[in-house]
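Please read the structure below before turning to the comments.
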Amino acid sequence: QVQLVESGGGLVQAGRSLRLSCAASGSIFSLNVMGWYRQAPGKQRELVATISSRGSTNYASSVRGRFTISRDSSKNTVYLQMNSLKPEDTAVYFCTYTDFDTYWGQGTQVTVSS
């Protein structure tokens, strides 16, 4: 089992920045992918960004160039630096960890005001 604890959400004005963190604990496998998804009210959950244990990254087109995903493997922690935030980025952001299974965090609210 893997546990994920997210932090860093909040309320911010459009154009500002936030950084999300997610710490994984438990049975961590050396080869894994960690990432962030988000779900806005009335919408389906969607991929934001992922990063493999080897450092390969993948971004949704809507956030590419504004968001940066990174990880500190020594701490089993993944970060999402969100710059130039827009009101449409408002959502609950979920951290994920995938090895042979996928685990989800509890979610952290990000609200961007116009």
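Observations
Yes/no per residue for (1) of a type in the set (Phe, Trp, Tyr); (2) farther than 24 Å from Val2 by Cα:
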{"site": "Ala23", "(1), (2)": "no, no"}
{"site": "Leu31", "(1), (2)": "no, no"}
{"site": "Ser53", "(1), (2)": "no, no"}
{"site": "Lys75", "(1), (2)": "no, no"}
{"site": "Leu85", "(1), (2)": "no, yes"}
{"site": "Tyr97", "(1), (2)": "yes, no"}
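- Taken residue by residue, segment 66-83 has at least one member that is of a type outside the set (S, T, N, Q) and assigned to a loop (DSSP other than H, G, I, E, B).
- Any hit, segment 56-69, residues being modelled with pLDDT under 95 and open to solvent by less than 60 Å² (accessible area, probe 1.4 Å): no
- Qualifying positions in segment 1-55 - assigned to a loop (DSSP other than H, G, I, E, B) and either open to solvent by less than 20 Å² (accessible area, probe 1.4 Å) or over 18 Å from Val110 (Cα atoms) (or both): Gln1, Ser27, Ile28, Phe29, Ser30, Leu31, Asn32, Ser53, Arg54, Gly55
- Scanning segment 70-113 for residues that are of a type in the set (Asp, Glu) and open to solvent by 50 Å² or more (accessible area, probe 1.4 Å) gives Glu88, Asp101.
- Tally, over segment 84-110, of residues that are under 11 Å from the mean Cα position of the chain (by Cα), over 26 Å from Ser30 (Cβ atoms), in a strand (DSSP E or B) and not hydrophobic (A, V, I, L, M, F, W, C): 1
The values are calculated or read from the model by the stated rules, or taken from the named source; none is laboratory data. Note that this is a predicted model, so its numbers are computed, not measured. We place every Cβ from the backbone using ideal geometry, glycine too, and count neighbours over all the protein chains shown. All accessible areas refer to the heavy atoms of the entire protein, side chains included, with ligands and DNA or RNA removed. Shrake-Rupley method; radii C 1.70, N 1.55, O 1.52, S 1.80 Å.
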